[in-house]
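What follows is a single structure, written as structure tokens, with notes after it.
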Amino acid sequence: MRSIFQKNRLIALLAIGGLCGFGAQAAGTAAAGKVKAAVCAACHGLDGRSQMPEAPHLAGQVEGYLVEQLRAFKSGERHNEQMAIIAKPLSAQDIDDLAAWYASLAPTNAAGAKP
Ligand code: HEC
């Protein structure tokens, strides 16, 4: 009984270690980004299709571009009042995860975009 428990615990630790290693090594993970994107949905839509005329669609955007833009909003290099407030508290990991999430979504186009 005890040895089975220890074995399972070891597997769990290895799995967690593997996930952390992956997250730190590669950029972000879409699953983590999905959770963090709840705050973005009001303007950019639940599925990355914008709900506001002035907010761009994010679904299917290139991951590296999204990372660059979020970093630029955070640093103030790119100016936008709303995005400055949103981007300020984001960590580098948050930015990578959010970019991975939006990049993983099916892209939108003029014909498919919701009004
Ligand atoms: C209050 C509304 C609002 C919220 C909430 C919001 N955004 Fe934005 N976002 C905007 C607007 C407006 C723009 C357009 C900025 C501009 O014109 O430069 C924008 C632009 C962006 C861009 C640049 C897209 C491009 O095509 O250049 C990215 C990336 C982005 N937002 C990501 C996010 C993420 C990630 C979140 C959540 C953490 C978020 N936004 C939350 C309003 C919002």
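Just so you know, all these numbers are worked out from the coordinates, no wet-lab data involved. Treat the numbers as computed from the prediction; the structure is a model and nothing was measured. Because the Cβ atoms are built from the backbone with ideal geometry, glycine has one as well, and the counts that use them run over all protein chains shown.
Here are some notes:
- For the range 25-104, the spread of Cα coordinates along the three principal axes comes to 33, 26, 19 Å, biggest extent given first.
- Extension gain, Ala92 to Arg71: 0.36 nm times the residue separation minus the Cα-Cα distance gives 6.7 nm.
- Sorting 99-107, 40-48 by their mean Cβ neighbour count within 10 Å, with the most densely packed peptide first, gives 99-107, 40-48.
- For Glu63, net neighbour charge (Lys/Arg +1, Asp/Glu -1) across residues whose Cβ lies under 12 Å away: -3
- Our summary gives the range 25-104 a relative contact order of 48 percent, counting only alpha carbon pairs under 8 angstrom and 6 or more residues apart.
- The alpha-carbon of Lys36 sits under 17 angstrom from the alpha-carbons of these aspartates and glutamates, leaving out residues fewer than 8 places away in its chain: Asp47, Glu63, Asp94, Asp96, Asp97.
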